[in-house]
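Beneath this line is the structure, given in C-alpha coordinates, with notes to follow.
The values are calculated or read from the model by the stated rules, or taken from the named source; none is laboratory data. All of these numbers come straight from a predicted model, not from anything done at the bench. Cβ sites come from the backbone with ideal geometry, for glycine too, and all protein chains shown count toward neighbours.
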Amino acid sequence: MHTYRTEPGLAADVPVQISEIEYEVTLRENPLFSDGTPVTVTDVCNAFARNMANDLYGSFLSFIDKVTVKDEQTIRITLNSPMGILLKERLALVRVFPAALPDEALSTLPIGSGPWRYESIDGADGGALSFVPNEHYTGSFPATCKRMVWSVILDDKKRTEALQNREVLCMEAAPEVLADQITESGATVEYVPGFNAPFLMFNCLKEPFDNPRVRQALLYAIDVDNLIARCVGGHGRPCTSLLPDYFRGYHRAATVYSYDPEKARALLAEAEVEELALTLRCNDNWVSDLAAAIKEDWEAVGVAVTVQPQATEALFADLSEVPAKGEELPFDVVLSPGDPTCFGNDPDLIMSWWYGDNVWTRARSCWATSPEFKQLSRMLTRARTTDDENEQQDLWNLCFDLIAAEAPLYPLFHRETATAYYAPNLEGYDPISATGLLLLGTTPMEEATTL
(Lines give C-alpha, C1' and ligand atoms only; values in the text may rest on other atoms or scores of the structure.)
Protein backbone atom coordinates (compact mmCIF):
# COMPACT_ATOMS: atom_id res chain seq x y z
CA MET A 1 0.00 0.00 0.00
CA HIS A 2 3.05 2.29 -0.12
CA THR A 3 3.81 1.62 -3.77
CA TYR A 4 0.84 -0.52 -4.95
CA ARG A 5 3.43 -2.90 -6.40
CA THR A 6 2.14 -6.47 -6.50
CA GLU A 7 4.23 -9.20 -4.85
CA PRO A 8 3.71 -12.95 -4.39
CA GLY A 9 1.94 -13.68 -1.10
CA LEU A 10 0.42 -17.15 -1.04
CA ALA A 11 1.61 -17.54 -4.61
CA ALA A 12 5.03 -18.99 -5.36
CA ASP A 13 5.38 -16.74 -8.40
CA VAL A 14 3.45 -14.52 -10.81
CA PRO A 15 0.53 -16.03 -12.77
CA VAL A 16 1.55 -18.16 -15.75
CA GLN A 17 -0.45 -17.52 -18.93
CA ILE A 18 -1.76 -20.73 -20.49
CA SER A 19 -3.96 -19.22 -23.19
CA GLU A 20 -5.50 -15.87 -24.05
CA ILE A 21 -7.98 -16.23 -21.20
CA GLU A 22 -6.39 -18.85 -18.92
CA TYR A 23 -3.77 -18.46 -16.18
CA GLU A 24 -2.34 -20.77 -13.55
CA VAL A 25 -1.02 -19.86 -10.11
CA THR A 26 0.97 -22.22 -7.91
CA LEU A 27 0.85 -21.80 -4.12
CA ARG A 28 4.10 -21.41 -2.22
CA GLU A 29 5.38 -24.38 -0.27
CA ASN A 30 3.35 -25.43 2.78
CA PRO A 31 1.39 -22.24 3.66
CA LEU A 32 -0.62 -22.52 6.90
CA PHE A 33 -3.54 -20.64 8.38
CA SER A 34 -3.11 -19.09 11.81
CA ASP A 35 -4.92 -22.07 13.39
CA GLY A 36 -2.24 -24.38 11.96
CA THR A 37 -4.34 -25.96 9.20
CA PRO A 38 -2.92 -26.03 5.66
CA VAL A 39 -3.99 -23.47 3.08
CA THR A 40 -5.39 -25.53 0.21
CA VAL A 41 -6.24 -24.72 -3.38
CA THR A 42 -9.87 -25.39 -2.42
CA ASP A 43 -9.66 -22.56 0.11
CA VAL A 44 -8.29 -20.24 -2.57
CA CYS A 45 -11.01 -21.14 -5.09
CA ASN A 46 -13.69 -20.67 -2.44
CA ALA A 47 -12.33 -17.24 -1.46
CA PHE A 48 -12.44 -16.10 -5.10
CA ALA A 49 -15.98 -17.42 -5.52
CA ARG A 50 -17.16 -15.63 -2.35
CA ASN A 51 -15.54 -12.36 -3.40
CA MET A 52 -16.94 -12.62 -6.93
CA ALA A 53 -20.45 -13.08 -5.52
CA ASN A 54 -20.18 -10.10 -3.18
CA ASP A 55 -22.30 -7.12 -4.23
CA LEU A 56 -19.53 -4.61 -3.49
CA TYR A 57 -16.34 -6.45 -4.45
CA GLY A 58 -17.74 -8.52 -7.27
CA SER A 59 -17.40 -5.70 -9.80
CA PHE A 60 -13.63 -5.70 -9.23
CA LEU A 61 -13.50 -9.34 -10.36
CA SER A 62 -16.16 -9.35 -13.07
CA PHE A 63 -13.54 -10.28 -15.67
CA ILE A 64 -13.18 -13.76 -14.08
CA ASP A 65 -15.39 -16.58 -15.31
CA LYS A 66 -14.24 -19.19 -12.80
CA VAL A 67 -11.36 -20.29 -10.57
CA THR A 68 -10.81 -24.04 -10.41
CA VAL A 69 -8.43 -26.60 -8.92
CA LYS A 70 -5.80 -27.98 -11.28
CA ASP A 71 -3.83 -30.02 -8.74
CA GLU A 72 -2.95 -29.92 -5.03
CA GLN A 73 -0.79 -26.82 -5.43
CA THR A 74 -2.17 -25.09 -8.52
CA ILE A 75 -5.32 -23.16 -9.37
CA ARG A 76 -6.52 -22.26 -12.86
CA ILE A 77 -8.16 -18.88 -13.51
CA THR A 78 -10.42 -18.67 -16.54
CA LEU A 79 -11.40 -15.18 -17.67
CA ASN A 80 -14.50 -13.96 -19.50
CA SER A 81 -12.23 -12.06 -21.86
CA PRO A 82 -8.56 -11.02 -21.97
CA MET A 83 -7.63 -8.81 -19.00
CA GLY A 84 -4.63 -6.96 -20.33
CA ILE A 85 -2.08 -5.40 -18.00
CA LEU A 86 -4.19 -5.16 -14.81
CA LEU A 87 -4.52 -8.86 -13.99
CA LYS A 88 -1.92 -9.19 -11.21
CA GLU A 89 -3.14 -6.13 -9.33
CA ARG A 90 -6.72 -7.31 -9.38
CA LEU A 91 -5.92 -10.86 -8.23
CA ALA A 92 -4.11 -9.38 -5.24
CA LEU A 93 -7.42 -8.06 -3.87
CA VAL A 94 -8.63 -11.48 -2.76
CA ARG A 95 -7.82 -12.46 0.83
CA VAL A 96 -7.93 -16.19 1.51
CA PHE A 97 -9.65 -17.85 4.47
CA PRO A 98 -10.59 -21.47 5.29
CA ALA A 99 -13.46 -22.66 3.10
CA ALA A 100 -15.00 -24.41 6.13
CA LEU A 101 -15.18 -21.18 8.15
CA PRO A 102 -18.87 -20.25 8.71
CA ASP A 103 -20.18 -16.75 8.01
CA GLU A 104 -20.45 -15.95 11.71
CA ALA A 105 -16.76 -16.67 12.27
CA LEU A 106 -15.82 -14.58 9.24
CA SER A 107 -17.57 -11.58 10.75
CA THR A 108 -16.49 -12.07 14.37
CA LEU A 109 -13.02 -13.68 14.53
CA PRO A 110 -11.69 -14.47 11.03
CA ILE A 111 -8.78 -16.78 10.34
CA GLY A 112 -6.15 -15.85 7.76
CA SER A 113 -2.64 -16.82 6.72
CA GLY A 114 -0.80 -13.52 7.26
CA PRO A 115 1.83 -12.61 9.85
CA TRP A 116 -0.73 -11.80 12.57
CA ARG A 117 -3.76 -13.58 13.99
CA TYR A 118 -6.71 -12.04 15.77
CA GLU A 119 -6.57 -12.51 19.54
CA SER A 120 -9.81 -10.62 20.25
CA ILE A 121 -12.15 -8.19 18.51
CA ASP A 122 -14.39 -5.56 20.07
CA GLY A 123 -15.23 -3.26 17.17
CA ALA A 124 -17.50 -0.86 19.02
CA ASP A 125 -16.49 2.75 19.71
CA GLY A 126 -14.12 2.51 22.64
CA GLY A 127 -13.33 -1.10 21.80
CA ALA A 128 -10.16 -2.66 20.41
CA LEU A 129 -8.72 -5.29 18.09
CA SER A 130 -5.88 -7.30 19.56
CA PHE A 131 -3.39 -9.21 17.40
CA VAL A 132 -0.61 -11.65 18.25
CA PRO A 133 1.92 -13.22 15.84
CA ASN A 134 0.82 -16.11 13.65
CA GLU A 135 3.30 -18.76 14.77
CA HIS A 136 2.62 -20.69 11.57
CA TYR A 137 3.48 -17.84 9.19
CA THR A 138 6.33 -18.52 6.73
CA GLY A 139 5.98 -15.55 4.38
CA SER A 140 8.15 -12.48 3.80
CA PHE A 141 6.71 -10.12 6.45
CA PRO A 142 6.85 -11.78 9.89
CA ALA A 143 5.35 -10.01 12.91
CA THR A 144 7.79 -7.68 14.64
CA CYS A 145 6.49 -7.62 18.22
CA LYS A 146 4.59 -9.82 20.71
CA ARG A 147 1.27 -8.00 20.52
CA MET A 148 -0.42 -5.27 18.51
CA VAL A 149 -3.58 -3.48 19.68
CA TRP A 150 -5.73 -1.24 17.49
CA SER A 151 -8.04 1.03 19.49
CA VAL A 152 -11.35 1.98 17.91
CA ILE A 153 -11.87 5.67 18.75
CA LEU A 154 -14.20 7.55 16.41
CA ASP A 155 -14.17 10.92 18.17
CA ASP A 156 -11.36 13.22 16.90
CA LYS A 157 -10.73 14.81 20.29
CA LYS A 158 -10.58 11.48 22.13
CA ARG A 159 -8.23 10.01 19.50
CA THR A 160 -5.93 13.00 19.80
CA GLU A 161 -5.92 12.80 23.60
CA ALA A 162 -5.03 9.10 23.41
CA LEU A 163 -2.05 9.96 21.19
CA GLN A 164 -0.95 12.88 23.37
CA ASN A 165 -1.08 10.62 26.44
CA ARG A 166 0.94 7.99 24.53
CA GLU A 167 -1.85 5.49 24.94
CA VAL A 168 -1.39 5.00 21.19
CA LEU A 169 1.73 5.32 19.05
CA CYS A 170 0.11 5.87 15.67
CA MET A 171 -3.20 7.38 14.55
CA GLU A 172 -4.91 7.53 11.18
CA ALA A 173 -7.05 10.47 10.08
CA ALA A 174 -5.30 12.97 12.33
CA PRO A 175 -7.60 16.02 12.53
CA GLU A 176 -6.04 19.11 10.94
CA VAL A 177 -7.54 21.44 13.55
CA LEU A 178 -5.65 19.60 16.29
CA ALA A 179 -2.32 19.24 14.44
CA ASP A 180 -0.54 21.79 16.67
CA GLN A 181 -1.58 19.94 19.82
CA ILE A 182 -0.34 16.68 18.31
CA THR A 183 3.09 18.01 17.36
CA GLU A 184 3.48 19.70 20.76
CA SER A 185 3.26 16.23 22.32
CA GLY A 186 6.29 15.13 20.29
CA ALA A 187 4.46 13.23 17.58
CA THR A 188 4.85 13.78 13.85
CA VAL A 189 1.92 14.68 11.63
CA GLU A 190 2.57 13.68 8.03
CA TYR A 191 0.33 14.57 5.08
CA VAL A 192 0.44 12.24 2.09
CA PRO A 193 -1.40 13.17 -1.13
CA GLY A 194 -3.99 10.51 -1.84
CA PHE A 195 -7.48 9.94 -3.13
CA ASN A 196 -9.66 10.27 0.02
CA ALA A 197 -12.61 12.32 -1.21
CA PRO A 198 -15.91 13.68 0.03
CA PHE A 199 -18.49 12.97 -2.67
CA LEU A 200 -22.05 13.91 -3.51
CA MET A 201 -24.37 11.10 -4.60
CA PHE A 202 -27.67 11.98 -6.23
CA ASN A 203 -30.92 10.03 -6.37
CA CYS A 204 -31.00 9.50 -10.12
CA LEU A 205 -34.51 8.01 -9.98
CA LYS A 206 -36.05 11.12 -8.42
CA GLU A 207 -36.95 14.38 -10.12
CA PRO A 208 -35.22 16.74 -10.61
CA PHE A 209 -31.99 14.87 -9.71
CA ASP A 210 -32.56 12.51 -12.63
CA ASN A 211 -31.57 15.45 -14.84
CA PRO A 212 -27.77 15.77 -15.21
CA ARG A 213 -28.10 19.55 -15.61
CA VAL A 214 -29.47 19.75 -12.06
CA ARG A 215 -26.62 17.60 -10.74
CA GLN A 216 -24.13 19.80 -12.59
CA ALA A 217 -25.78 22.97 -11.24
CA LEU A 218 -25.43 21.81 -7.65
CA LEU A 219 -21.75 21.01 -8.20
CA TYR A 220 -20.98 24.36 -9.88
CA ALA A 221 -22.65 26.14 -6.95
CA ILE A 222 -20.12 24.86 -4.39
CA ASP A 223 -17.03 26.91 -3.48
CA VAL A 224 -14.68 23.95 -3.10
CA ASP A 225 -11.62 26.12 -2.40
CA ASN A 226 -13.49 27.49 0.60
CA LEU A 227 -14.35 23.97 1.76
CA ILE A 228 -10.70 22.95 1.63
CA ALA A 229 -9.49 26.05 3.48
CA ARG A 230 -12.30 26.06 6.02
CA CYS A 231 -12.71 22.39 6.83
CA VAL A 232 -9.44 20.52 6.16
CA GLY A 233 -6.83 23.20 6.79
CA GLY A 234 -5.91 23.55 3.13
CA HIS A 235 -4.87 19.89 2.84
CA GLY A 236 -6.73 18.99 -0.33
CA ARG A 237 -7.02 19.70 -4.06
CA PRO A 238 -10.22 20.50 -5.98
CA CYS A 239 -11.22 17.78 -8.43
CA THR A 240 -10.44 18.31 -12.08
CA SER A 241 -11.36 14.69 -12.79
CA LEU A 242 -12.37 11.58 -10.90
CA LEU A 243 -8.64 10.98 -10.28
CA PRO A 244 -6.28 13.51 -8.66
CA ASP A 245 -3.69 14.91 -11.06
CA TYR A 246 -0.81 13.03 -9.37
CA PHE A 247 -2.35 9.59 -10.05
CA ARG A 248 -1.34 7.35 -12.94
CA GLY A 249 -3.93 7.47 -15.66
CA TYR A 250 -5.03 11.01 -14.78
CA HIS A 251 -6.95 12.92 -17.43
CA ARG A 252 -8.40 16.40 -16.95
CA ALA A 253 -12.11 15.90 -17.53
CA ALA A 254 -13.94 17.85 -20.21
CA THR A 255 -16.26 19.08 -17.41
CA VAL A 256 -14.53 20.67 -14.41
CA TYR A 257 -16.71 22.05 -11.61
CA SER A 258 -15.01 25.33 -10.78
CA TYR A 259 -17.05 27.65 -8.55
CA ASP A 260 -19.63 29.37 -10.79
CA PRO A 261 -22.92 30.38 -9.11
CA GLU A 262 -24.19 32.08 -12.26
CA LYS A 263 -23.70 28.93 -14.29
CA ALA A 264 -25.48 26.99 -11.55
CA ARG A 265 -28.50 29.31 -11.77
CA ALA A 266 -28.50 29.08 -15.58
CA LEU A 267 -28.44 25.27 -15.54
CA LEU A 268 -31.33 25.14 -13.07
CA ALA A 269 -33.25 27.49 -15.34
CA GLU A 270 -32.48 25.30 -18.39
CA ALA A 271 -33.80 22.32 -16.46
CA GLU A 272 -36.93 24.36 -15.65
CA VAL A 273 -36.36 23.85 -11.93
CA GLU A 274 -37.76 26.55 -9.68
CA GLU A 275 -37.88 26.75 -5.89
CA LEU A 276 -35.85 23.57 -5.45
CA ALA A 277 -35.83 22.21 -1.90
CA LEU A 278 -33.72 19.20 -0.94
CA THR A 279 -32.47 17.21 2.02
CA LEU A 280 -28.73 16.59 2.22
CA ARG A 281 -27.95 13.38 4.10
CA CYS A 282 -24.39 13.30 5.43
CA ASN A 283 -22.15 11.35 7.77
CA ASP A 284 -21.89 12.67 11.30
CA ASN A 285 -18.09 12.75 10.95
CA TRP A 286 -15.79 15.40 9.42
CA VAL A 287 -17.99 15.88 6.35
CA SER A 288 -20.75 17.37 8.51
CA ASP A 289 -18.65 20.57 8.57
CA LEU A 290 -18.61 20.49 4.76
CA ALA A 291 -22.39 20.08 4.75
CA ALA A 292 -22.88 23.35 6.61
CA ALA A 293 -20.76 25.23 4.04
CA ILE A 294 -22.45 23.48 1.09
CA LYS A 295 -25.86 24.46 2.49
CA GLU A 296 -24.75 28.12 2.43
CA ASP A 297 -23.55 27.85 -1.18
CA TRP A 298 -26.72 26.14 -2.40
CA GLU A 299 -28.98 28.58 -0.61
CA ALA A 300 -27.06 31.41 -2.32
CA VAL A 301 -28.36 30.14 -5.68
CA GLY A 302 -31.91 29.76 -4.43
CA VAL A 303 -31.96 26.14 -3.26
CA ALA A 304 -33.56 25.42 0.12
CA VAL A 305 -31.49 22.85 2.05
CA THR A 306 -32.11 20.69 5.09
CA VAL A 307 -28.98 18.94 6.42
CA GLN A 308 -29.53 15.53 7.99
CA PRO A 309 -26.40 14.09 9.70
CA GLN A 310 -26.42 10.33 10.31
CA ALA A 311 -24.07 7.60 11.47
CA THR A 312 -22.50 5.80 8.49
CA GLU A 313 -24.43 2.57 9.04
CA ALA A 314 -27.73 4.47 9.17
CA LEU A 315 -26.77 6.65 6.21
CA PHE A 316 -26.82 3.72 3.77
CA ALA A 317 -29.10 1.33 5.70
CA ASP A 318 -32.08 1.91 3.41
CA LEU A 319 -29.93 2.12 0.28
CA SER A 320 -28.82 -1.50 -0.07
CA GLU A 321 -31.66 -3.09 -2.06
CA VAL A 322 -32.47 -2.43 -5.72
CA PRO A 323 -35.78 -0.52 -5.74
CA ALA A 324 -38.79 -2.13 -7.39
CA LYS A 325 -39.97 -0.68 -10.68
CA GLY A 326 -41.70 2.63 -10.01
CA GLU A 327 -40.37 2.79 -6.45
CA GLU A 328 -38.55 5.96 -5.33
CA LEU A 329 -35.63 5.80 -2.92
CA PRO A 330 -36.02 7.88 0.28
CA PHE A 331 -33.27 10.45 -0.29
CA ASP A 332 -32.31 13.45 -2.41
CA VAL A 333 -28.54 13.89 -2.06
CA VAL A 334 -25.91 12.12 0.08
CA LEU A 335 -22.59 13.62 1.19
CA SER A 336 -20.06 11.05 2.38
CA PRO A 337 -16.30 10.39 2.26
CA GLY A 338 -14.84 7.51 0.27
CA ASP A 339 -11.46 6.08 -0.69
CA PRO A 340 -11.48 3.04 -2.98
CA THR A 341 -7.65 3.15 -3.15
CA CYS A 342 -7.62 0.98 -0.02
CA PHE A 343 -8.17 -1.79 -2.62
CA GLY A 344 -5.78 -0.48 -5.29
CA ASN A 345 -5.13 2.63 -7.34
CA ASP A 346 -5.59 1.64 -10.96
CA PRO A 347 -8.20 3.75 -12.81
CA ASP A 348 -10.35 0.77 -13.74
CA LEU A 349 -10.68 -0.31 -10.11
CA ILE A 350 -11.62 3.18 -8.93
CA MET A 351 -14.25 3.56 -11.65
CA SER A 352 -15.54 0.02 -11.02
CA TRP A 353 -16.07 0.79 -7.31
CA TRP A 354 -18.55 3.65 -7.74
CA TYR A 355 -19.73 3.14 -11.34
CA GLY A 356 -19.60 -0.62 -11.88
CA ASP A 357 -22.58 -2.96 -11.96
CA ASN A 358 -22.94 -3.13 -8.19
CA VAL A 359 -24.81 -1.78 -5.16
CA TRP A 360 -23.62 1.78 -5.81
CA THR A 361 -25.23 2.08 -9.24
CA ARG A 362 -28.19 -0.26 -8.71
CA ALA A 363 -29.32 0.44 -5.13
CA ARG A 364 -27.81 3.81 -4.22
CA SER A 365 -27.41 6.32 -7.04
CA CYS A 366 -29.62 4.07 -9.23
CA TRP A 367 -27.71 5.34 -12.26
CA ALA A 368 -27.57 1.78 -13.64
CA THR A 369 -30.90 2.32 -15.41
CA SER A 370 -29.44 5.02 -17.67
CA PRO A 371 -28.07 4.54 -21.23
CA GLU A 372 -24.92 6.42 -20.14
CA PHE A 373 -24.20 3.70 -17.55
CA LYS A 374 -24.33 1.07 -20.27
CA GLN A 375 -22.05 3.21 -22.46
CA LEU A 376 -19.54 3.52 -19.62
CA SER A 377 -19.65 -0.23 -18.95
CA ARG A 378 -18.81 -0.98 -22.59
CA MET A 379 -15.86 1.42 -22.59
CA LEU A 380 -14.51 0.06 -19.30
CA THR A 381 -14.68 -3.49 -20.66
CA ARG A 382 -12.79 -2.50 -23.81
CA ALA A 383 -10.13 -0.66 -21.77
CA ARG A 384 -9.77 -3.61 -19.40
CA THR A 385 -9.10 -6.13 -22.14
CA THR A 386 -6.51 -4.31 -24.23
CA ASP A 387 -2.75 -4.79 -23.97
CA ASP A 388 -2.17 -1.43 -25.67
CA GLU A 389 -1.54 1.16 -22.94
CA ASN A 390 -2.25 4.10 -25.27
CA GLU A 391 -5.58 2.65 -26.35
CA GLN A 392 -6.41 1.91 -22.73
CA GLN A 393 -5.68 5.49 -21.67
CA ASP A 394 -7.74 6.92 -24.52
CA LEU A 395 -10.71 4.82 -23.45
CA TRP A 396 -10.26 5.78 -19.79
CA ASN A 397 -10.21 9.45 -20.82
CA LEU A 398 -13.62 9.01 -22.45
CA CYS A 399 -14.83 7.35 -19.26
CA PHE A 400 -13.60 10.22 -17.10
CA ASP A 401 -15.35 12.73 -19.38
CA LEU A 402 -18.65 10.82 -19.25
CA ILE A 403 -18.54 10.37 -15.46
CA ALA A 404 -17.83 14.08 -14.92
CA ALA A 405 -20.64 15.19 -17.23
CA GLU A 406 -23.21 12.78 -15.78
CA ALA A 407 -22.06 13.07 -12.14
CA PRO A 408 -24.44 10.53 -10.55
CA LEU A 409 -21.82 10.42 -7.80
CA TYR A 410 -18.85 12.76 -7.92
CA PRO A 411 -16.04 13.85 -5.58
CA LEU A 412 -15.57 17.48 -4.52
CA PHE A 413 -11.86 17.37 -3.68
CA HIS A 414 -9.09 14.91 -2.91
CA ARG A 415 -7.96 15.19 0.69
CA GLU A 416 -4.42 14.56 1.84
CA THR A 417 -4.22 11.65 4.26
CA ALA A 418 -2.99 12.82 7.66
CA THR A 419 -1.23 10.30 9.92
CA ALA A 420 0.16 11.12 13.36
CA TYR A 421 2.81 8.89 14.91
CA TYR A 422 5.80 8.82 17.25
CA ALA A 423 8.64 8.31 14.80
CA PRO A 424 11.29 7.29 17.41
CA ASN A 425 9.01 4.49 18.61
CA LEU A 426 8.24 3.00 15.19
CA GLU A 427 11.34 2.11 13.23
CA GLY A 428 10.71 1.72 9.51
CA TYR A 429 7.18 3.15 9.56
CA ASP A 430 5.87 5.23 6.66
CA PRO A 431 2.35 6.67 6.37
CA ILE A 432 0.32 5.61 3.35
CA SER A 433 -1.84 7.71 1.04
CA ALA A 434 -4.96 5.59 1.50
CA THR A 435 -7.11 5.50 4.60
CA GLY A 436 -5.81 3.09 7.21
CA LEU A 437 -2.40 2.12 8.57
CA LEU A 438 0.23 -0.27 7.22
CA LEU A 439 2.86 -1.59 9.62
CA LEU A 440 4.36 -4.51 7.70
CA GLY A 441 8.10 -4.31 8.29
CA THR A 442 7.72 -1.75 11.09
CA THR A 443 9.63 -2.52 14.29
CA PRO A 444 8.23 -0.95 17.47
CA MET A 445 10.65 0.21 20.14
CA GLU A 446 8.20 -0.88 22.85
CA GLU A 447 6.86 -4.28 23.90
CA ALA A 448 3.37 -3.62 22.51
CA THR A 449 2.11 -1.31 19.81
CA THR A 450 -1.22 0.42 20.26
CA LEU A 451 -2.75 2.15 17.23
Exercise. Report, ordered by the first and then the second residue, all pairs with beta carbons closer than 6 Å, sequence separation of six or more or different chains, a first member in the stretch 398-418 that is hydrophobic (A, V, I, L, M, F, W, C), and a second member that is buried (at least 24 other Cβ atoms within 10 Å of the Cβ) and part of a strand (DSSP E or B).
Key: LEU409/MET201; LEU412/PRO198; PHE413/GLY236
Quiz item: So which residues in the stretch 118-153 are in a loop (DSSP other than H, G, I, E, B) and of a type in the set (S, T, N, Q), if there are any at all?
Solution: ASN134, THR138, SER140, THR144
Exercise. Please verify whether the stretch 389-407 includes one or more residues that are under 30 Å from PHE131 (Cβ atoms) and buried (at least 21 other Cβ atoms within 10 Å of the Cβ).
Key: no
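A quick yes/no check of all residues on (1) within 29 Å of TRP286 (Cα to Cα); (2) assigned by TED's automatic domain parsing to the domain that holds ASN80; (3) of a type in the set (Phe, Trp, Tyr):
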{"site": "THR386", "(1), (2), (3)": "no, no, no"}
{"site": "ASN390", "(1), (2), (3)": "no, no, no"}
{"site": "ASP394", "(1), (2), (3)": "no, no, no"}
{"site": "PHE400", "(1), (2), (3)": "yes, no, yes"}
{"site": "ALA404", "(1), (2), (3)": "yes, no, no"}
{"site": "LEU409", "(1), (2), (3)": "yes, no, no"}
{"site": "TYR422", "(1), (2), (3)": "yes, no, yes"}
{"site": "GLY441", "(1), (2), (3)": "no, no, no"}
Quiz prompt | Flag if ASP210 is among the acidic types (Asp, Glu), within 19 Å of VAL334 (Cβ to Cβ) and at pLDDT 95 or above | solution = yes
Self-check item: Yes/no for GLU104 being surrounded by fewer than 17 Cβ atoms within 10 Å (Cβ to Cβ) and over 30 Å from ALA128 (Cα atoms)
Solution: no
Quiz item: Does the stretch 67-76 contain at least one residue that is closer than 30 Å to ARG248 by Cα, β-branched (Val, Ile, Thr), touching a Leu at 6+ places or on another chain (Cβ under 9 Å) and not assigned by TED's automatic domain parsing to the domain that holds ASP388?
Solution: no
Quiz item: From the residues in the stretch 318-376 that are among the basic types (Lys, Arg) and under 15 Å from LYS206 (Cβ atoms), which one is modelled with the lowest pLDDT?
Solution: LYS325
Practice problem: Quickly run through the stretch 59-99 and pick out the residues that are crowded, with 17+ Cβ neighbours inside 10 Å and either free of Cβ contacts under 8 Å to residues at least 12 places away in the same chain or touching a strand residue (DSSP E or B) at 6+ places or on another chain (Cβ under 8 Å) (or both). | Solution: PHE63, ILE64, VAL67, ILE75, ARG76, ILE77, LEU79, LEU87, LEU91
Self-check item: ALA197 being more than 30 Å from PRO444 (Cα to Cα) and in contact (Cβ under 8 Å) with a residue 12 or more places away in the chain
Solution: yes
Quiz item: So which residues in the stretch 129-144 are surrounded by 13 or more Cβ atoms within 10 Å (Cβ to Cβ) and at pLDDT below 90?
Solution: THR138, GLY139, PHE141
Exercise. Within the stretch 409-448, track down each residue that is among the hydrophobic types (A, V, I, L, M, F, W, C), over 19 Å from the mean Cα position of the chain (by Cα) and more than 14 Å from MET148 (Cα to Cα).
Key: ALA420, ALA423
Quiz item: From the list ASP55, ASP122, which residue is surrounded by fewer than 16 Cβ atoms within 10 Å (Cβ to Cβ), over 25 Å from LEU440 (Cβ atoms) and among the acidic types (Asp, Glu)?
Solution: ASP55
Quiz item: Within the stretch 8-31, how many residues are over 11 Å from LEU87 (Cβ atoms) and β-branched (Val, Ile, Thr)?
Solution: 3
Exercise. Would you list the strands (runs of 3 or more DSSP E) that sit entirely within the stretch 265-375 and hold 2 or more residues that are surrounded by fewer than 18 Cβ atoms within 10 Å (Cβ to Cβ) and over 24 Å from the mean Cα position of the chain (by Cα)?
Key: 277-283, 304-310
Quiz item: How many residues does the stretch 166-186 contain that are surrounded by fewer than 17 Cβ atoms within 10 Å (Cβ to Cβ) and under 20 Å from GLU427 (Cα atoms)?
Solution: 5
Quiz item: Could we say that LEU267 is among the aliphatic types (A, V, I, L, M) and outside the structural domain of ASN397 (by TED's automatic domain parsing) here?
Solution: no
Quiz item: assigned by TED's automatic domain parsing to the domain that holds CYS170 and among the hydrophobic types (A, V, I, L, M, F, W, C), is that true of ILE432?
Solution: yes
Self-check item: Qualifying residues in the stretch 41-58 (those that are in contact (Cβ under 8 Å) with a residue 40 or more places away in the chain and either among the aliphatic types (A, V, I, L, M) or touching a Cys at 6+ places or on another chain (Cβ under 8 Å) (or both)) - the one farthest from ASP357 (Cα to Cα)
Solution: VAL44
Quiz item: Looking only at strands (runs of 3 or more DSSP E) that fall completely inside the stretch 390-451, which ones have 3 or more residues that are more than 30 Å from ASP225 (Cα to Cα) and not acidic (Asp, Glu)?
Solution: 448-450
Quiz item: Just for the stretch 187-210: of the residues that are closer than 18 Å to GLY234 by Cβ and aromatic (Phe, Trp, Tyr), which one is surrounded by the fewest Cβ atoms within 10 Å (Cβ to Cβ)?
Solution: TYR191
Quiz item: Counting just the residues of the stretch 378-388 that are touching a helix residue (DSSP H, G or I) at 6+ places or on another chain (Cβ under 8 Å) and surrounded by fewer than 21 Cβ atoms within 10 Å (Cβ to Cβ), which one comes out nearest to ARG90 (Cα to Cα)?
Solution: THR385
